[in-house]
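Heads up: the structure comes next, in structure tokens.
Just so it is clear, none of the values below were taken in a lab; they were calculated from the coordinates. Since the structure is predicted, the reported quantities are computational estimates derived from the model, not experimental observations. Cβ: placed from backbone, ideal geometry, glycine included. Neighbour counts: every protein chain shown.
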Amino acid sequence: MFYIDVILPLPLAGLFTYSAPTAVERGCRVIVQFGAKKFYSAIVAECYEPKEPKPGIKEITSVLDEQPVILPSQLQFWDWISIYYMCHLGEVCKAALPAALKLESATRVSVIEEAYCEERLSPSETKIFDLLSDGKIYDIAEIARKAGVSNPIPGIRSLLEKGLIAADEQLGSNFSPKSETVVRLRTANEEDLHAAMDQLRRAPKQLSALTTFLSQMPTGAEAFSMPAKKLMELSGANAAALKGLVEKNIFLLEKKEMYPLEGKGSEVSADVQLNGHQQRALAQIEESFQEKNITLLHGVTSSGKTEIYIKLIAEQLAAGKQVLYLLPEIALTMQITTRLRAVFGERLAVYHSRFTDNERAEVWNSMVKDKGCQVVLGVRSSIFLPFRNLGLVIVDEEHEASYKQQDPAPRYHGRNAAIVLASIHQAKVLLGTATPAIETYFNAMNGKYGLVELHQRHESLDMPLIQVVNTKELRRKKIMKSAIFSPQLLAEMERAFEKGEQVMLFRNRRGFAPYMECKACAWSPKCHNCDVSLTYHKYANLLSCHYCGATYPVLHDCPSCQSKDSMVVVGFGTERVEEEIMELFPGKRIARMDLDTTRSKKSYEQIIDGFAKGKTDILIGTQMISKGLDFDKVSLVGIIQADSLFNQPDFRAHERGFQMLEQVSGRAGRKHKRGLVVLQTTNPDSQIIQAVCEHDYLRFYKKEIAERETFKYPPFYRILHVILRGKDRLKLGESSEYLSVLLRRSFGNRVLGPIEPPVAKVQTLFIRRIIIKTECNASPSVVREQLRNTLDYFNLQDISKSILVHVDVDPM
Ligand code: ADP
Ligand code: ZN
Ligand code: ZN
């Protein structure tokens with residue numbers, strides 16, 4: 001008999017021990033019962049023969065995999081994440097695995113429309129498939145009951161692998177599948193086809209399918225194929241008819257890859273010649289990799305970093321190594337996928353949550369089985385894929401805060417975790433950006449990372465010219481006609497349109513107005529669940545909370561002072577910018593890109609595509625337009641209100657503000673022509689604005705790093721946040737005070753707070769934050785152990801009841 005320690009995909013501490021009649025390899029999944037009648041697929045972390053049997057050890061229900069689906073290096077990586085980020089292994093496991101690999105009682109599955117399989121199904125697969133054939137969604141516990149299969153998980157696993165059913169996250173999504181079934185002729189020989197038609201005289205549906213197919217097939221195009229779905233629509237034949245034709249050896253069914261998220265039709269050449277600056281940078285990176293594992297490529301916007309990455313990837317592939325290419329957001333993968341696909345074809349896999357769960361499981365399985373898939377392009381979650389021989393990790397836009405996972409645990413930083421992943425594989429890391437994170441540049445300056453600078457834009461284009469407009473001054477002199485646009489910005493827009501060029505307008509707030517206010521008593525509506533003012537959305541005609549998503553009807557009368565029609569809007573968001581632009585430039589085609597206009601994948605693509613192809617003249621947007629997007633005909637970028645970026649109570653506010661302005665400015669003037677940025681601000685003398693004007697990162701860095709040192713912030717100190725949440729404000733106050741006293745016993749004056757964060761209530765829970773700042777040379781494991789012990793002690797006290805506590809390591 002063997003004992004197996006497993007990881008359950010649940011937020012629980014520690015491993016769970018079960019017994020098994022035979023040994024099971026680490027990284028295989030087993031099905032275990034946990035709690036009353038709930039079963040889960042759990043991951044084997046250890047397997048051993050017990051010296052003496054312990055009482056009360058349950059036996060596993062069954063083994064799910066013959067070969068491990070999680071590799072030893074992954075288990076090592078999970079361990080690191082759970083220790084460093086102070087969360088449970090089960091939470092890491094839950095985040096790491098696509099739903100189709102972490103089957104449990106509550107996993108919901110349904111049949112895939114047009115499922116077609118030539119293989120024969122086992123009796124339990126058949127029972128499950130028949131049940132699901134009604135098209136409804138069932139959870140696995142229901143399937144066990146209704147299909148009369150006591151342990152349906154193995155059957156469900158194999159149906160998933162055969163592509164007949166789909167699991168969890170995919171359900172209800174309207175994204176098109178990555179592959180579809182297409183029909184092809186087994187032979188295009190005339191005689192054979194005539195014989196086939198004769199044979200089909202008594203099968204009118206099959207005949208109709210064949211003749212329809214032939215009518216669609218261009219002459220001579222023997223390899224012609226068409227989607228099975230389309231053929232059925234056109235011919236009125238059903239799946240059974242197609243199956244009949246396959247059995248008669250007339251048709252062939254194949255799966256065809258679709259790559260749903262890639263930009264279409266753009267011409268990209270596979271082989272680009274690097275310019276001189278790029279060649280030099282490439283050589284310097286290679287040289288730096290001789291000595292250092294991590295190198296920063298600091299290349300200004302539009303310097304052509306992507307082309308350098310492509311050369312580095314090609315080198316790795318030639319050496320038989322894998323490459324992970326990380327981007328901070330799904331939105332950015334689209335343009336780059338097209339580019340990479342042109343060069344690497346089938347060897348590229350794209351991995352993020354806009355792909356269905358089955359597709360993600362497919363990528364995972366093919367990597368475990370070591371088939372194809374040498375380059376992975378994805379967002380932070382791709383660090384969890386089963387790499388076998390990783391040679392290089394590229395972290396593009398490494399400065400982006402969206403690399404940090406906020407909720408739920410594990411609250412990891414994608415860039416930092418990727419660096420650890422690379423070290424497990426002894427792979428190199430290239431961090432790329434035009435605006436390095438302060439921490440990263442600090443590491444490069446003191447020699448921990450290699451540093452390669454690329455200051456030339458492709459085709460020696462000049463960096464955009466920045467024209468600062470002082471809106472405070474204009475208002476004082478009453479020159480601002482519109483509340484939003486300076487005369488300078490409007491004049492430059494006119495000029496751009498005269499030359500047939502495009503304009504981007506940046507405003508980092510969505511909605512029509514950030515809040516409403518009573519003009520009589522200054523009362524303003526707030527969310528019932530959160531400590532946040534409600535944003536007015538004119539188009540949707542409602543007030544909405546950007547923290548919990550709750551919506552409320554628009555108010556006209558003030559509920560506080562009972563004044564009639566006294567509610568007015570204050571400030572402006574992208575919606576209002578759009579409305580004013582429509583009035584100022586009638587006839588211009590306008591697109592707006594923010595969270596509200598890009599809820600579906602389609603709309604996002606349409607906006608980008610429309611602007612790229614010149615179907616729209618003006619693109620208005622939030623920070624969504626600031627990142628990595630590459631448009632040819634944008635000559636002017638308007639930054640409508642730069643100050644709001646800096647006025648936040650956060651030590652990173654200046655860094656973020658600088659990065660955002662520099663990145664947005666970088667969108668101006670690509671391809672052959674220097675761009676112009678009109679930057680509206682009430683504080684033109686601020687050092688950050690000055691640094692942006694001169695595109696002087698170093699100047700900004702020097703000022704910022706000095707402040708970080710003075711005020712004891714990263715990279716000189718490490719920060720941990722202990723977050724407490726509770727429904728009862730008073731009780732929360734008491735218990736956070738108590739916890740801070742406990743923490744001071746171990747950490748002394750390194751503990752700050754508890755404080756009320758700027759947003760002190762979210763989704764009906766009040767929030768308190770305790771900050772722990774530790775010296776950089778303090779041992780992380782000692783810090784964590786002390787913190788863990790204190791929290792364990794706290795959790796045993798009455799005062800901690802109904803208070804939720806979690807730790808955020810290196811918060812962003
Ligand atoms: P970055 O990521 O550094 O901002 P990109 O990689 O997006 O810059 O490159 C900017 C533009 O210049 C892209 O349109 C790209 O295709 C083009 N480009 C860059 N390098 C070359 C090259 N060597 N030859 C031709 N076009 C290039
Ligand atoms: Zn009022
Ligand atoms: Zn809310």
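Quick one: of the DSSP bridges fully inside the chain, what percent are antiparallel, nearest 5? Intermediate values should be presented prior to the final figure.
Details: 66 of 118 bridges.
Counting DSSP beta bridges with both partners in the chain, the antiparallel share is about 55 percent.
So how do 581, 799, 689 line up by other beta-carbon neighbours within 10 Å, fewest first?
Numbers: 581 24, 799 13, 689 20.
Neighbour counts put them in this order, fewest first: 799, 689, 581.
Tell me, what is the percent relative contact order of the stretch 1-47, built from C-alpha pairs under 8 Å that lie six or more residues apart?
Details: 92 pairs, mean separation 20.7, N = 47.
44 percent.
Restricting everything to alpha-carbon atoms, can you work out Rg to Rh for the stretch 1-54 with a Kirkwood hydrodynamic radius?
Rg divided by Rh gives 0.95.
Amide H to amide H under 5 Å from residue 251: which residues, 5+ apart in sequence or cross-chain, H placed 1.01 Å off N in plane?
186, 246
Out of residues 5 or more away from residue 592 or on other chains, whose amide H comes under 5 Å of its own, with H placed 1.01 Å from N in the peptide plane?
Residues meeting the amide H criterion: 620.
Excluding residues fewer than 8 places away in the same chain, name every one of the lysines whose C-alpha is closer than 22 Å to that of residue 321.
Hits, sequence-local ones excluded: 292, 305, 311, 369, 371, 428.
Report, largest value first, the span of the C-alpha coordinates of the stretch 27-153 along each principal axis, in whole Å.
Answer, in whole Å and largest first: 45, 33, 27 Å.
Report relative contact order for the stretch 639-734 in percent, whole number only (criteria: Cα-Cα under 8 Å, sequence separation at least 6).
23 percent
Binning at 10 angstrom from zero up to the longest distance, how are the C-alpha pair distances of the stretch 81-170 distributed in percent?
17, 47, 22, 11, 4
So what's the net charge close to residue 515: Lys and Arg +1, Asp and Glu -1, counting the other residues with Cβ under 15 Å from its Cβ?
Spelling it out: positives minus negatives among the neighbours equals +3.
Applying 1/(1 + (r/R0)^6) with R0 = 25 Å to the Cβ-Cβ distance of residue 401 and residue 565, what FRET efficiency is obtained, to the nearest 0.05?
E(calc), rounded to 0.05, equals 0.05.
From Cα pairs below 8 angstrom and at least 6 apart in sequence, can you work out the relative contact order of the chain, rounded to a whole percent?
The normalised contact order for the chain reaches 10 percent.
If you count the DSSP beta bridges with both ends in the stretch 1-159, what percent of them are antiparallel, to the nearest 5?
That works out to approximately 95 percent antiparallel.
Can you tell me which lysines have their Cα less than 23 Å from the Cα of residue 801? Leave out same-chain residues fewer than eight positions away.
Candidates past the 8-residue exclusion: 727, 731, 761.
Can you find, among 467, 44, 294, the residue farthest towards the positive end of the dipole of the chain? Put +1 on the C-beta of Lys and Arg, -1 on that of Asp and Glu.
So the residue furthest toward the plus end is 467.
So for the stretch 1-114, if I pair up every lysine 8 or more residues apart or on another chain, how many of those pairs have alpha-carbons under 23 Å apart?
11
Over 19 Å apart: what share of the alpha carbon pairs of the stretch 505-635 falls there, rounded to a whole percent?
55 percent
Tell me whether the stretch 434-560 comes out rounded, prolate or oblate; compute the Cα gyration tensor, take square roots of the eigenvalues as a ≥ b ≥ c, and use a/c under 1.5 as the rounded threshold.
Note, shape of the stretch 434-560 comes out oblate.
Once you treat every alpha carbon in the stretch 262-388 as an equal point and sum by Debye, what is log10 I(q)/I(0) at q = 0.17, 0.18, 0.21 Å⁻¹?
Listed by q, the Debye log ratios stand at -0.98, -1.09, -1.41.
I'd like the projected area of the stretch 178-229, averaged over all directions, using the convex hull of its alpha carbons. Report it in nm² with one decimal.
Answer in nm², one decimal: 3.9.
Which value results when the Cα radius of gyration for the chain is divided by 2.2 N^0.38 Å?
On the way: Rg = 29.5 Å, N = 812, 2.2 N^0.38 = 28.1 Å.
The reported ratio for this selection is 1.05.
Once amide H atoms are built 1.01 Å from N in the peptide plane, which residues 5 or more positions from residue 437, or in another chain, come under 5 Å H to H?
The answer is 399.
If I take all pairs of Cα atoms in the stretch 648-783, what percentage of them are more than 18 Å from each other?
Numbers: 6159 of 9180 pairs.
Everything past 18 Å amounts to 67 percent.
Using the Cα centre as the reference, give the magnitude of the dipole from point charges on the C-beta atoms of the stretch 653-812 (Lys, Arg: +1; Asp, Glu: -1; all else neutral), rounded to the nearest 20 debye.
420 debye
Neighbouring Cβ atoms within 10 Å as the yardstick, rank 160, 15, 296 fewest first.
Placing the least packed residue first, the sequence is 15, 160, 296.
Which value, in debye to the nearest 20, describes the size of the charge dipole of the chain about its Cα centre when Lys and Arg Cβ atoms bear +1, Asp and Glu Cβ atoms bear -1, and nothing else is charged?
Roughly 1400 debye, rounded to the nearest 20.
Tell me what the chain gives for mean residue ellipticity at 222 nm when only DSSP H runs of n ≥ 4 count, each as -39,500 (n - 2.57), the sum divided by the residue total, rounded to 500 deg cm²/dmol. Kindly include the intermediate steps, with their values, before the conclusion.
Values: 24 runs with 275 residues, N = 812.
Counting only the DSSP helices, I get -10500 deg cm²/dmol.
Suppose we take every Cα in the stretch 126-167 and form the convex hull; what volume per residue is that in Å³? Mind dumping the intermediate values first?
Values: hull volume 2.6 nm³, N = 42.
Residue-normalised Cα hull volume stands at 62 Å³.
Give me the log10 of I(q) over I(0) for the stretch 714-775 at q = 0.23 Å⁻¹, as the Debye formula computes it from C-alpha points; what are the numbers?
-0.89
Arrange 350, 111 by Cβ neighbour counts within 10 Å, fewest through most, would you? All intermediate terms of the calculation are to be shown ahead of the outcome.
On the way: 350 28, 111 21.
Lowest count first: 111, 350.
Using 0.36 nm per residue, how much length does the chain from residue 106 to residue 650 gain when fully extended, once their Cα-Cα distance is taken away?
191.8 nm
Would you mind computing, in nm to one decimal, how far apart the modelled labels at residue 180 and residue 589 are, each placed 7 Å from Cα along Cα→Cβ?
For residue 180 paired with residue 589, the spin-label model returns 2.6 nm.
Convert each backbone phi in the stretch 314-324 into a coupling constant with the Karplus relation 6.51 cos²θ - 1.76 cosθ + 1.60 (shift: θ = phi - 60°), then list the ³J(HN,Hα) values in order as whole Hz, x for Gly and Pro.
With coefficients 6.51, -1.76 and 1.60, one gets 4, 4, 4, 5, 4, 8, x, 9, 9, 10, 10 Hz.
What fraction, in whole percent, of alpha-carbon pairs in the stretch 369-436 exceed 17 Å separation?
Numbers: 954 of 2278 pairs.
Of the Cα pairs, 42 percent sit more than 17 Å apart.
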